[in-house]
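Below is one structure, written out as structure tokens, with a few remarks after it.
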Amino acid sequence: MSRGGNYKFTSKKQSENGILSTVLGFISFISFFAAMSYSFRNAGNVGMRFGAVGLLALIFSFIGLVLGIISLGEQEVFTLFPRLGTVVSVLSFLCWIWVILVGTGYVMLG
């Protein structure tokens, strides 16, 4: 049985900054797990390229975080992507900061 006339029309749209924030956050997060997996398999013996990948992924997560926060303040947009992008970017940013702190010796693991 069909419910006739129960449509909700809205002028809201998806936030482009929120979508970009989500994409950058996921790229950074996937890069984190790929780099950590490769590093553990090689007992930490990875080249300088992985440091560059980590730095680039850290920059991606920071930009994603900024875009996510900006997109949370936008009016008349759906909030799924701004929220998701902000959360994923924060988690990714914290993971990369942890790697940097452990790698420089500011945080000891045991």
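The values are calculated or read from the model by the stated rules, or taken from the named source; none is laboratory data. Since the structure is predicted, the reported quantities are computational estimates derived from the model, not experimental observations. Positions of Cβ are backbone-derived with ideal geometry, glycine not excepted, and every protein chain shown enters the neighbour counts.
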Out of Phe50, Phe40, Phe33, I need the residue that is out of contact with any Cys (no Cβ under 7 Å at 6 or more places or on another chain) and either surrounded by 14 or more Cβ atoms within 10 Å (Cβ to Cβ) or touching a residue at least 60 places away in the same chain (Cβ under 8 Å) (or both). Which one? Phe50
For the stretch 18-56, how many residues meet the condition of being over 9 Å from the mean Cα position of the chain (by Cα), of a type in the set (Gly, Ala, Ser) and in a helix (DSSP H, G or I)? 9
Single residue of the stretch 59-76 satisfying the filter (free of Cβ contacts under 8 Å to residues at least 12 places away in the same chain and part of a loop (DSSP other than H, G, I, E, B)) that is surrounded by the fewest Cβ atoms within 10 Å (Cβ to Cβ): Gln75
Could you list, in sequence order, all residues of the stretch 77-99 that are closer than 17 Å to Gly44 by Cα and either among the aromatic types (Phe, Trp, Tyr) or at pLDDT below 85 (or both)? Trp96, Trp98
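Name the residues in the stretch 6-30 that are hydroxyl-bearing (Ser, Thr, Tyr) and surrounded by 17 or more Cβ atoms within 10 Å (Cβ to Cβ), would you?
Ser15, Ser21, Thr22, Ser28 - these are the residues of the stretch 6-30 that are hydroxyl-bearing (Ser, Thr, Tyr) and surrounded by 17 or more Cβ atoms within 10 Å (Cβ to Cβ).
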Which numbered condition Leu55 fails, given (1) without any contact (Cβ under 8 Å) to a residue 12 or more places away in the chain; (2) aliphatic (A, V, I, L, M); (3) buried (at least 16 other Cβ atoms within 10 Å of the Cβ): (3)
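Residues are listed down the side, and each one gets a yes or a no for (1) closer than 16 Å to Ile97 by Cα; (2) at pLDDT 95 or above; (3) among the polar types (S, T, N, Q):
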site: Leu24; (1), (2), (3): no, yes, no
site: Phe32; (1), (2), (3): yes, no, no
site: Tyr38; (1), (2), (3): no, no, no
site: Asn42; (1), (2), (3): no, no, yes
site: Gly47; (1), (2), (3): no, no, no
site: Gly54; (1), (2), (3): yes, no, no
site: Phe62; (1), (2), (3): yes, yes, no
site: Gln75; (1), (2), (3): no, no, yes
